[in-house]
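The values are calculated or read from the model by the stated rules, or taken from the named source; none is laboratory data. Only a predicted model underlies this, so the values are computations on that prediction, with no experimental measurement involved. Using ideal geometry, Cβ is built from the backbone for each residue, glycine included, and neighbour counts are taken over all protein chains shown. Areas reflect the complete protein model, heavy atoms only, side chains present, ligands, DNA and RNA absent. Shrake-Rupley method; radii C 1.70, N 1.55, O 1.52, S 1.80 Å.
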Amino acid sequence: MTDALDFSHRNPAIRPQDDLFRHVNGAWLDTVVIDSDKTAEGGFSDLRDQAERDVRAIVESLSADEATTEAGKIAILYRDFMDAERIEELGAAPLNPVLARIEAIDGVEALSRHLGWSLRHGLSSLVGLEEESDPGNPERYVLFAGQGGLGLPNEEYYRLDEHAAIRDAYLAFLTRNFDLIGSPDAAAEAATVLALETKIASHHWDKVRCRDLRAQYNPMSYDELAASAPGLDWEAYRDGGELPAEKLATVVVQQPSFTTGAAELLTSEPLENWKSWARAKAVSGLGAYLSSAFVTNRFDFYEKTLGGAQEQRPRWKRGVLFVEGVMGEAVGKIYVERHFQPEAKAAMDTLVANLLKAYANSIAKLSWMSEATRAEALDKLSKFRPKIGYPEKWRTFDDLAVVPGDLVASVLASNAFDADYSLSKVGGPVDPDEWLMYPQTVNAYYHPLRNEIVFPAAILQPPFFNTEADAAVNYGAIGAVIGHEIGHGFDDKGSTCDGDGRLRDWWTEDDRAAFEQLTAGLIKQFEVLSPEGTDGQTINGQLTLGENIGDLGGLGIAYDAWLLAGGDPDGEPIDELTPAQRFFYGWGQAWRTKRRPESAKMLLAVDPHSPAEFRCNQIVRNLDAFHAAFGTTDGDALWLPKEERITIW
């Protein structure tokens, strides 16, 4: 059990009462060097590195001889990606068919058809389409239409002064790409694309508004959609994307003002400007599969300038990522056979059951909630569906056509294969066994439209879960992760859906007002916090609200679940730590992270998660159990007066 916590990472000179994050991880933070091909190091990164190595061993063990089998297709894709010499010889040539298609565009009809073709083949299509559970009828799949068309992380990068240097770097990236395909005036084309994307971005909804499920639920018939955005030739778009009419019978338009405004640009902007934009999207979308000049240019902007990475990831790592993007579930099936421990699933079943029970106990006692809303909340909780480890049934890849020796053709074919897979589901019943992550993914998620929590196999390892650890550490780590995902069902976004995943207001007005008063307090706590390396930039408390609610409820409920499982806060110490202290050490250890400043700044602008140090420290300030465990007093940096502590769930 002593191996459950790594004390070599600890800085005893920093008191947990002042900074739990740096007390538990301080020595590691002071000495770790971020690998030159990474933007961050930490517990998540360590597990992802291991999963990456495991997947590499899998794909390199497979034979390309049987090209029609799943194993053979995996091997071919990896072999062709790794054939750097062949790719270098081809240079920009694999782009020629796509560029010729763009050059032939002679009007809005042809442009709309190309946008549909781009949608089908995984390139930027201005208006994206994706299948998902229908919030109004969560038993069926429906198509969602969403905003797109940008090359920068989101719309604010085109308008805020603080991103001016990034815009300049993006312009240089575009110019270099146009140079590489032989543009007669690369700089002018690049400037045209940036100007057009700036106009597209002016119609985008911002990142906070895009968290509002109710605002984004706008079901329309195909005729209503076409009438709402007449600038786009929807018949040509549908034809180019090979979209059957019956699949578009109902479309949920997520940002109606974007669809209308962006479609108007198709007629108000010169056709040549749109052709430059289409070329830029083709080069950017396929650049990772071309010669080193394209790959380096892409790395220099997206990974170095935006993320802070110092050098390109080794080719084998990029090859693994590519294969997983095409056949991740087929790889996952082999990964589970080789690496998943059945005892981990059994232990997780127990943990999840205790977390759900603890949530039920907490909801039953909430002082701010009425009986009517409480009954709805408990009903929703009772309908949660946990998924642990791996899918019960696997997706098949029999119809995927890889093209041996032609990497770009395989990429385009795989994107079309995925489009057909998505379309095949539209209008049909939602598959309750479908997973939206691979078993080898180090992450977890909650799906509000399916009311399910999902924990892939790869995250069920230290520092999150350790079958040899004492329960206190596991509940403080993976228990809090479980609690976090359950908490998403009751955050500002998830709470708009009921237990069946239906978008429905199941709250009384007074309860919703009380909830929003509590969440407003959480927003205020976080919006003044600034992580290291961000030049004083602060967290967007509204953007991160859902994740902060998940963390707050997740850790608090995990503590209660640990007590339900027989945990004794004042039990026999281990390594001179009480069980309660070990619980919070488990939490602090799970968030061990060091990030490059460039990456930290970008994530502040786009990521709904708070930085790791505040996910650790700010959350525990609100928990009575933390203050009791470490005997905090007024004057300690993590002290928060009891009346200012927030408990939501």
Quiz item: Ala190: open to solvent by 50 Å² or more (accessible area, probe 1.4 Å), assigned to a helix (DSSP H, G or I) and touching a residue at least 40 places away in the same chain (Cβ under 8 Å), yes or no?
Solution: no
Quiz item: Mind checking whether some residue in the stretch 97-106 is exposed (fewer than 15 other Cβ atoms within 10 Å of the Cβ), outside any helix (DSSP H, G or I) and on the phi < 0 side of the Ramachandran plot?
Solution: yes
Exercise. Evaluate the following for Glu598: is it open to solvent by 20 Å² or more (accessible area, probe 1.4 Å), within 25 Å of Asp3 (Cα to Cα) and in a helix (DSSP H, G or I)?
Key: no
Quiz item: Counting only residues that are surrounded by fewer than 21 Cβ atoms within 10 Å (Cβ to Cβ) and in contact (Cβ under 8 Å) with a residue 24 or more places away in the chain, which one in the stretch 424-440 is farthest from Ile334 (Cα to Cα)?
Solution: Gly427
Quiz item: What is the one condition in (1) buried (at least 23 other Cβ atoms within 10 Å of the Cβ); (2) not in a strand (DSSP E or B) that Leu129 does not satisfy?
Solution: (2)
Quiz item: Are there any pairs, at least 6 apart or on different chains, whose C-beta atoms fall under 6 Å, with the first in the stretch 20-35 and farther than 18 Å from Asp46 by Cβ and the second open to solvent by less than 30 Å² (accessible area, probe 1.4 Å) and part of a helix (DSSP H, G or I), and if so, which?
Solution: Leu20/Gly588; Leu20/Cys616; Leu20/Asn617; Leu20/Val620
Practice problem: From (1) part of a loop (DSSP other than H, G, I, E, B); (2) surrounded by fewer than 17 Cβ atoms within 10 Å (Cβ to Cβ), pick out the condition that doesn't hold for Ile34. | Solution: (2)
Quiz prompt | Those residues of the stretch 539-595 which are on the phi < 0 side of the Ramachandran plot, among the charged types (D, E, K, R) and open to solvent by 10 Å² or more (accessible area, probe 1.4 Å), in sequence order | solution = Glu547, Asp560, Asp568, Asp570, Glu572, Arg592, Lys594, Arg595
Quiz prompt | Residues of the stretch 139-187 satisfying the condition of being of a type in the set (Asp, Glu) and either in contact with a helix residue (DSSP H, G or I) (Cβ under 6 Å, 6 or more places away or on another chain) or surrounded by 15 or more Cβ atoms within 10 Å (Cβ to Cβ) (or both) | solution = Glu155, Glu156, Asp179
Exercise. Please state which of the following conditions Asp206 fails to meet, knowing it meets all the rest: (1) part of a helix (DSSP H, G or I); (2) surrounded by fewer than 17 Cβ atoms within 10 Å (Cβ to Cβ); (3) not β-branched (Val, Ile, Thr).
Key: (1)
Quiz item: Here are Gly72, Gly26: which of them is open to solvent by less than 20 Å² (accessible area, probe 1.4 Å), closer than 26 Å to Thr633 by Cβ, in a helix (DSSP H, G or I) and out of contact with any helix residue (DSSP H, G or I) (no Cβ under 6 Å at 6 or more places or on another chain)?
Solution: Gly26
Exercise. Search the stretch 37-66 for residues being in a helix (DSSP H, G or I) and among the small types (Gly, Ala, Ser), and hand back the single one that is farthest from Phe455 (Cα to Cα).
Key: Ser61
Quiz prompt | Near pairs, Cβ below 7 angstrom, 6+ apart or cross-chain, from the stretch 303-319 (closer than 18 Å to Asn154 by Cα and in contact (Cβ under 8 Å) with a residue 24 or more places away in the chain) to any residue that is open to solvent by less than 30 Å² (accessible area, probe 1.4 Å) and part of a loop (DSSP other than H, G, I, E, B) | solution = Glu303/Ala309
Practice problem: Spot the failing condition for Ile478; the list is (1) closer than 25 Å to Gln440 by Cβ; (2) out of contact with any helix residue (DSSP H, G or I) (no Cβ under 6 Å at 6 or more places or on another chain); (3) open to solvent by 10 Å² or more (accessible area, probe 1.4 Å), and only one is missed. | Solution: (3)
Quiz prompt | Total residues in the stretch 325-350, condition outside any helix (DSSP H, G or I) and open to solvent by 60 Å² or more (accessible area, probe 1.4 Å) | solution = 1
Self-check item: Criterion violated by Gly501 - all others in (1) closer than 22 Å to Lys207 by Cα; (2) open to solvent by less than 10 Å² (accessible area, probe 1.4 Å) satisfied
Solution: (1)
Exercise. Please specify each residue of the stretch 601-611 satisfying the condition of being in contact with a helix residue (DSSP H, G or I) (Cβ under 7 Å, 6 or more places away or on another chain) and either open to solvent by less than 20 Å² (accessible area, probe 1.4 Å) or assigned to a helix (DSSP H, G or I) (or both).
Key: Ala605, Ser610
Quiz item: For the stretch 358-367, does any single residue satisfy the condition of being surrounded by fewer than 21 Cβ atoms within 10 Å (Cβ to Cβ) and within 27 Å of the chain's Cα centre (by Cα)?
Solution: no
Quiz prompt | Filter result for Thr467 (modelled with pLDDT under 95 and either touching a helix residue (DSSP H, G or I) at 6+ places or on another chain (Cβ under 6 Å) or more than 15 Å from Pro138 (Cβ to Cβ) (or both)) | solution = yes
Quiz prompt | Every pair of residues 6+ apart whose Cβ atoms lie under 7 Å, when the first sits in the stretch 328-351 and is free of Cβ contacts under 8 Å to residues at least 40 places away in the same chain while the second is surrounded by 12 or more Cβ atoms within 10 Å (Cβ to Cβ) and not in a helix (DSSP H, G or I) | solution = Asp349/Ile388
Quiz prompt | Qualifying helices (runs of 4 or more DSSP H) (wholly inside the stretch 451-569; at least 2 residues being touching a strand residue (DSSP E or B) at 6+ places or on another chain (Cβ under 8 Å)) | solution = 480-487
Quiz item: When you scan the stretch 614-635, how many residues do you find that are open to solvent by 20 Å² or more (accessible area, probe 1.4 Å) and either modelled with pLDDT under 95 or outside any helix (DSSP H, G or I) (or both)?
Solution: 5
Quiz item: If you take the residues of the stretch 266-324 that are outside any helix (DSSP H, G or I) and acidic (Asp, Glu), which of them is most open to solvent (accessible area, probe 1.4 Å)?
Solution: Glu311
Practice problem: Those residues that are out of contact with any Leu (no Cβ under 8 Å at 6 or more places or on another chain), of a type in the set (Ser, Thr, Tyr) and over 28 Å from Asp161 (Cβ atoms), I need them from the stretch 513-538; list them, please. | Solution: none
Quiz item: Does the stretch 520-533 contain any residue that is basic (Lys, Arg), surrounded by fewer than 23 Cβ atoms within 10 Å (Cβ to Cβ) and free of Cβ contacts under 8 Å to residues at least 24 places away in the same chain?
Solution: yes
Quiz item: Just checking, how many residues over the stretch 373-423 are farther than 30 Å from Phe515 by Cβ, assigned to a loop (DSSP other than H, G, I, E, B) and open to solvent by less than 20 Å² (accessible area, probe 1.4 Å)?
Solution: 3
Quiz item: What number of residues within the stretch 128-159 are more than 15 Å from Cys210 (Cβ to Cβ) and without any contact (Cβ under 8 Å) to a residue 60 or more places away in the chain?
Solution: 3
